[in-house]
Structures are given as structure tokens and as C-alpha cells.
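Read the structure below first, then the notes.
Every number in this text was worked out from the coordinates using simple rules, so none of it is lab data. Just so you know, these numbers come straight off a predicted model, no measurement behind them. Every residue, glycine as well, gets a Cβ built from its backbone with ideal geometry; the counts of neighbours run over all protein chains shown.
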Amino acid sequence: MNKKIYIETYGCQQNVSDSEKIAGMASEIGYTLCEDKAEADLIVYNTCAVRENAELKVYGNIGALKGLKRAKPHLIIAVCGCMMQEANVADRIKRVYKHVDIVFGTHALHKFKDLVRQAEGEHDFIVDVEDISGEIHEGLPIKRNEGVCASVSIMYGCNNFCTYCIVPYVRGRERSRRKEDIIAEVRTAAQQGYKEIMLLGQNVNSYGKGTDVSFAKLLDEVAGVEGVERIRFMTSHPKDISEELLLVMSRHDNICKQLHLPVQCGNNRVLKTMNRGYTREKYFTLIDKAREYMPDITISTDIIVGFPGETNEEFEDTIDLLERVRYDTVFSFIYSKRAGTPAATMEDVISPEEKKENFNRLLEVQNRICAEINSTYKDKILPVLVEGESKTDADTLTGRTDGGKLVHFKGDAALIGKIVNIKITEPKTWSLMGEVYE
Ligand code: SAH
Ligand code: SF4
Ligand code: F3S
């Protein structure tokens, strides 16, 4: 029988990458991917726990599957990912969402086939959310998403314990894959035709800690793999980015001149209570150094607005930081309380309304800066890796510059997967419009 699996992925690239392994394992037991949950014999929700609204969405969507399960009793519903490693979540699902068959956490990913086989027979609620972090399971099959970019995890977990963040609790301790395994995976992806490799980790700069292979060394080797036209990586933690890394980046044409360097906020007292391990001054020095090595580098960041105890005055330091650094992109979030983290017991000094106002101000400032930066791209001719057809308009193609900027232009689908020169005709705040330059 041709069985179908539908996978919905929430959260970060790490989860997207895990879902590709789920798809790979599923295909080994006879499931092919489908796009419509109504057609599926197996539905998997791969969840994120980083903010409350991500979780509420998941609960809503699990609830909505009840009718489907009633109409199709053989349907298997599995919920997995970061949320499942939180205390009480598995219990709540068991109690409230009786149509769910399997719950498994990030540490049980490699057992997916067994869990599904178990659910295919007579079964009770199946749960595997043990916290046994520390292991790495190599050799899981991967069914990569179509396209030109392949993500490759280089490490798992996080040891930083920023006081607001749940990731170290749900993903376990930091552990790095062996360099040889990573290189082999990159080589395979390149042979399969993927042009761009995204190296993934919560804090790539601490890759290989305690061994003689640093992240810079790894990156240097990945850049040498035949067929790899572009390499990006995320996330770099500002507290341990090395000069060696900047040097390696600047030396290889195929390492994109792009850095995602989450700062979280611009005030030293708040940075300290966040346990980030750097000051704004140290961060500015880093930015200067990166720009010294690579004058055209694009830089993006993450910002949390309304961390407990942050005053309106302290928030001004974040605005000031944005004006000084002038990021190409900012991902901003209103602080969300995560049970079990140190910040969850810290007190607010401003109201939710004030937080929202600060958040909107930040967006306004950053939108202006983005538009200003993008306007300098007018008439530039840039190499763009063509990623695919635009979602809204079939004869428009989309791609990215080396710096990661989204470009739209008219062109033939035969260009997909190629790097073509595009002349920017009309910069916008979030993207650049252009035309093929011959
Ligand atoms: N490892 C990465 C970040 C992973 S989480 C790093 O250290 O940069 C992605 C982003 O989510 C974080 O950078 C942070 O800005 C945001 N985030 C994490 N926990 C949050 C919380 N409790 N509330 C709001 N935003 C949060
Ligand atoms: Fe979370 Fe901090 Fe680890 Fe990033 S470095 S995953 S923000 S604890
Ligand atoms: Fe979310 Fe887990 Fe990523 S909590 S941000 S999916 S590591």
C-alpha cells in the first residue's frame, strides 16, 4: 500500500532539518510525503517551544485534527519536537487530545520508525520524551526539501543558558558531530545538486570545543568541497566568535559575506541579566572587525523587547544600537515567559502596553534603516543564486544575493539553480526588484 505522510514544521532551521530526517525515515517504512493532511495516513507536527504563541498555535492545530481522526480511524497522529521535552506537555496532550497516537521528544528522533510501527498495530498512547541528551545518531536517512539549499547540522544542543531561553532545556547539552561526518554529508548534498550549504547549530562558534577542530577550521574545509557554490551558517554567538573565523570567511569566495549575530538588546545591565556574556562595547568591536575584514558584509540580528526588568530608558540603548550598527535585517520578538527558565521569576517594571509601544518603535526605526540600506543597491549588478519561481507570480523568479538579500526578477525557469548577474532596478524595504544583466 502506498501510505502518505504529512509533516508540519514549526520553529527554527534545526526543526526543519529534523523534519527532513523524519521524512527520510518515513520513506524507509513506505510513507511518501504529501501536501494535504486530508490525504495523509500519518500526520506529524514538529513543534517549537521558544515562545508561547508558537505553542498556542500547535495546541490549536492538534485540536483541529479531531474530525479527521474520527473520519479516518487508521490515521496516525504524531507530535514531536522541542515542546515535547517540556515538563507536563506530554501529559497534557495525553489528557486533552485523545486522538493523538504518538508523542516523542527531540532525543527520540532516531526511533521514529519503531514508534510508527508500534502505532500501526494495536496500541495505547505512545510516549518517548526521555531527556537523554548527549548522544548523536549518525546515519539517519534524509529526504531533503526540494530546492537549491541544503541544511547540515554541525552540532546539537546549547550550553549557554541565556536566562530567557528554553532551548538548552529542550535540546540538551552541546555536542558536535565529527568533522568527517559533516564533510561527507556536505559532499553528498553537493553531488545531489544542492548549490548552497547552510551549516546549523545554536552556537556554531563553540563547534568542536575541547578538540583541535574549531568552527573556523571546519568552515575552511567545507569551503573546499567540490561543487559547493555557497556556504552560510547560523547562529553565531557574539561571545565567542573568533578572528580566525572572520579570516576564513574573508578568504573564501564561496563563503557568503553574511553574519547573523544576535545581540538581543543594547543595554549592558540587561545583557548581564540575560547572561549573554558580552557588553555592547564588545559587540561594537566585533561588528567593526567583521566590517574591516569584509566591507560589504550584511549583518542581521535577533532582538528581544520587554525582557523582565528592562526599563524604557534601557530600551533606548537598543534603539541606539540599531542606529549605530545599521543591520540589514532584524528579527524582533516581544519577551515570552518560559516556565523553568531563570527569567520566568523576574519582575517586569513596565506594562505590556509599553512593551508593545517599544516594539512598534523598534520596527519603525528598523524599517527605515532597511529601506535606506536597500536603496543603496539601486543599479548595482549582483550575482544572485536563483532559488525558484515566485510564489505569487509564475514568471517571476526569486533568488538571493551573496549577502542573503531576496531578489525578484523576470526570467526563465531554466535559470533555477544557477548564479546569474542581476541588475537591481527597484529596491524595496524587504526585497530588491531587478532584471537579468547580460
Ligand atoms: N541560538 C540562537 C537563538 C535561538 S532562539 C542564539 O543564541 O542566537 C532564536 C531567537 O528567539 C533568539 O535569538 C531570541 O531572540 C528569541 N527568543 C528566545 N527565547 C525567547 C523568549 N523567551 N521570548 C522571546 N524571544 C525569545
Ligand atoms: Fe538560547 Fe542563548 Fe542557547 Fe541561543 S545561546 S539557544 S538564545 S540559550
Ligand atoms: Fe524552537 Fe526548538 Fe528551534 S524551541 S527555535 S524549534 S531549537
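Our note on the geometry: Cα centres of the range 205-250 and the range 158-184, 16 Å apart. Straight-line cross-link reach from LYS37 at under 21 Å between alpha-carbon atoms covers these lysines, not counting any fewer than eight positions away in the same chain: LYS3, LYS4, LYS21, LYS57, LYS66, LYS69, LYS72, LYS98, LYS113, LYS143, LYS391. Per residue, the convex hull spanned by the alpha carbons of the range 316-366 comes to 97 Å³. Taking label positions 7 Å along the Cα-Cβ direction at both LYS378 and LEU363, the computed distance is 2.7 nm, reported to one decimal.
Structural descriptor for the chain: relative contact order 10 percent, calculated from alpha carbon pairs under 8 angstrom and at least 6 residues apart.
Dividing the alpha-carbon radius of gyration of the range 315-438 by 2.2 N^0.38 Å (N being the number of residues), what value is obtained?
The range 315-438 yields a ratio of 1.40.
The lysine pair count for the range 262-375, using Cα distances under 22 Å and pairs eight or more places apart or on different chains, is 5. DSSP assigns beta bridges within the chain; of those with both partners inside it, close to 35 percent run antiparallel. Distance between the modelled labels on GLU120 and LYS98, one decimal in nanometres: 2.7 nm (7 Å Cα→Cβ projection).
Taking only the alpha carbons of the chain, we obtain Rg and Dmax values of 22.4, 64 Å in that order. Applying a 4.7 Å cutoff between beta carbons, the unpaired cysteines of the chain are CYS12, CYS34, CYS48, CYS80, CYS82, CYS149, CYS158, CYS256, CYS265, CYS370.
Between SER336 and LYS423, residue separation times 0.36 nm minus the direct Cα-Cα distance comes to 27.2 nm. Rounded, prolate or oblate: which fits the range 77-180 when a ≥ b ≥ c are the square roots of the eigenvalues of the alpha-carbon gyration tensor, with rounded for a/c under 1.5 and prolate only if a/b beats b/c? Judged from the Cα gyration tensor, the range 77-180 comes out oblate (a/c at least 1.5, b/c at or above a/b).
Explain nothing, just the number: relative contact order of the range 3-128, from Cα pairs under 8 Å at least 6 residues apart, as a whole percent. Relative contact order, the range 3-128: 24 percent.
Take the Cβ atoms of TYR437 and ASN275, set R0 to 41 Å, and the FRET efficiency comes out at 0.30. Based on the Cβ-Cβ distance of GLU135 and PHE161, what FRET efficiency does E = 1/(1 + (r/R0)^6) give at R0 = 22 Å, to the nearest 0.05? That pair, GLU135 with PHE161, gives E of 0.60.
Each of GLN192, LEU218, LEU247 was placed along the dipole of the range 146-256 (beta-carbon charges, centred on the mean Cα), and the one lying farthest toward the positive end is LEU218.
In the chain, helical runs assigned H by DSSP with n ≥ 4 each contribute -39500 (n - 2.57); averaged across all residues and rounded to the nearest 500, the mean residue ellipticity at 222 nm is -10000 deg cm²/dmol.
Under a plain spin-label model, where a point goes 7 Å from the Cα along Cα-to-Cβ, how far apart in nm are ASP393 and LEU56? Result: 3.6 nm between the two label points. Here the extension length gained between ARG291 and ASP348 equals 16.9 nm, from 0.36 nm per residue of separation less the Cα-Cα distance.
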